[in-house]
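Trainee: What follows is a structure written as structure tokens; I'll ask about it next.
Throughout, read-outs are computed from the coordinates displayed, never taken from laboratory work. Note that the coordinates shown come from a computational prediction; the quantities given were computed from them, not determined experimentally. Cβ placement follows ideal geometry from the backbone for every residue including glycine, while neighbour counts extend to all protein chains displayed.
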Amino acid sequence: MKMKHFFGKPDGGEWRVTAQTVLCGEAIAHMPYIATSYDAPLHPPGWRFSGVSSHLRYTTNDERGRLNQNPGILGRAAATCAALIPIRKNEAWWSMAQDERRAIYARSVHLEIGLDYLPEIARQLFHSRDAGEPFDFLTWFEFPPEATDRFDDLVGRLRATEEWQYVDREIDIRLTRINEEEAEE
Ligand code: HEM
């Protein structure tokens, strides 16, 4: 399984940080740029968070079909905005059995809320908890600038759910893609 790394950097990256908001828990250092890679340099400047994309935990076969009907595609040229949202859930969440967690996820209509925003908002979920990382999940989203209000609406709806009562650390990092001419300056 390949681990993907996200680097907060003082300079040079694919993405420029436009805003960084601590929703709950301890802050992280503010770095002006973010780069992503499957290789990890030995001494990265700034911070590094890592995670793997993994199998589905809570999604039923029927739900997977609904997700795949209209998937958001990463790497689209028009999707010049992104968000990196590292999230940690608390001990109460992790001490529950799988079926209890699934019930909360289902009652929170996480999937149904999310489906309202596909395919305009493309997403990828990385798991970090089992790698001993400070966050349990790194969530990544890409969207065109005109979808920013809808992205704000999406995170607002999810944060109001029962599931989010178990989130004890969340940082919302908003990004814009650095275009090639700018990178060459
Ligand atoms: C584009 C809309 C979205 C869709 C379609 C969506 C869909 C999903 C699905 C299907 C899962 C379950 C994966 C599994 O079965 O293991 C999931 C998990 C998750 N999503 Fe979303 N999601 C969306 C937006 C978001 C946003 C905006 C956030 C963060 C603010 C978020 C955070 C998470 C987290 C942290 C998990 C892992 C939950 C856990 O395993 O405890 N999602 N999402």
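Trainee: If I stretch the segment between R107 and A78 completely, what's the gain in nm (0.36 nm per residue apart, minus their alpha carbon distance), one decimal? Mind dumping the intermediate values first?
Mentor: Numbers: separation 29, 0.36 × 29 = 10.44 nm, distance 3.38 nm.
Length difference between fully extended and current span is 7.1 nm.
Trainee: Further, regarding this structure: Grab the beta carbon distance between E162 and D130, set R0 = 35 Å, and tell me the FRET efficiency rounded to 0.05. It would help to have the intermediate numbers written out before the result.
Mentor: Working: r = 24 Å, r/R0 = 0.69.
After rounding, the FRET efficiency stands at 0.90.
Trainee: Just need the relative contact order of the chain here, percent rounded to a whole number, with Cα pairs under 8 Å and 6+ apart. Don't skip to the end; give the middle numbers.
Mentor: Working: 328 pairs, mean separation 63.1, N = 185.
Averaging sequence separation for qualifying contacts and normalising by length gives 34 percent for the chain.
Trainee: Determine the gain in length on full extension of the stretch E63-D153; use 0.36 nm per residue of separation and subtract their C-alpha separation, reporting nm with one decimal.
Mentor: Details: separation 90, 0.36 × 90 = 32.40 nm, distance 2.21 nm.
Gain in length upon complete extension: 30.2 nm.
Trainee: Subtract the Cα-Cα distance of T21 and D99 from 0.36 nm times their separation in residues, and report this length gain in nm to one decimal.
Mentor: 24.9 nm
Trainee: Considering the chain as a Gaussian network with a 10 Å cut-off on Cα pairs, which listed residue, N70, N61, N90, attains the greatest mean-square fluctuation?
Mentor: Of N70, N61, N90, the most mobile in the Gaussian network model is N61.
Trainee: Could you give the semi-axes, largest first, of the ellipsoid that matches the chain, computed as the square roots of 5 times the alpha carbon gyration tensor eigenvalues and rounded to whole Å?
Mentor: Working: eigenvalues 142, 81, 48 Å².
Here the semi-axes work out to 27, 20, 16 Å.
Trainee: While we're looking at this one, here's another question. Taking the Cβ of each residue in T60, T36 as the centre, tally the other Cβ atoms inside 10 Å and list the residues starting with the fewest.
Mentor: On the way: T60 12, T36 15.
Least to most surrounded, the residues fall as T60, T36.
Trainee: Using a 10 Å cut-off on Cβ atoms, rank the peptides 73-81, 5-13 from the highest mean neighbour count down.
Mentor: On the way: 73-81: 13.2, 5-13: 17.3.
Result, highest mean first: 5-13, 73-81.
Trainee: Sticking with this structure for a sec: For region 3-184, with only Lys/Arg (+1) and Asp/Glu (-1) charged at the beta-carbon, what is the dipole magnitude about the Cα centre, in debye rounded to 20?
Mentor: Working: 21 positive and 29 negative charges, 76 e Å.
The calculated dipole for region 3-184 is roughly 360 debye.
Trainee: Taking a cut-off of 15 Å between Cα atoms, list the aspartates and glutamates near K2, but don't count ones fewer than 8 places away on the same chain.
Mentor: Cross-link targets: D39, D130.
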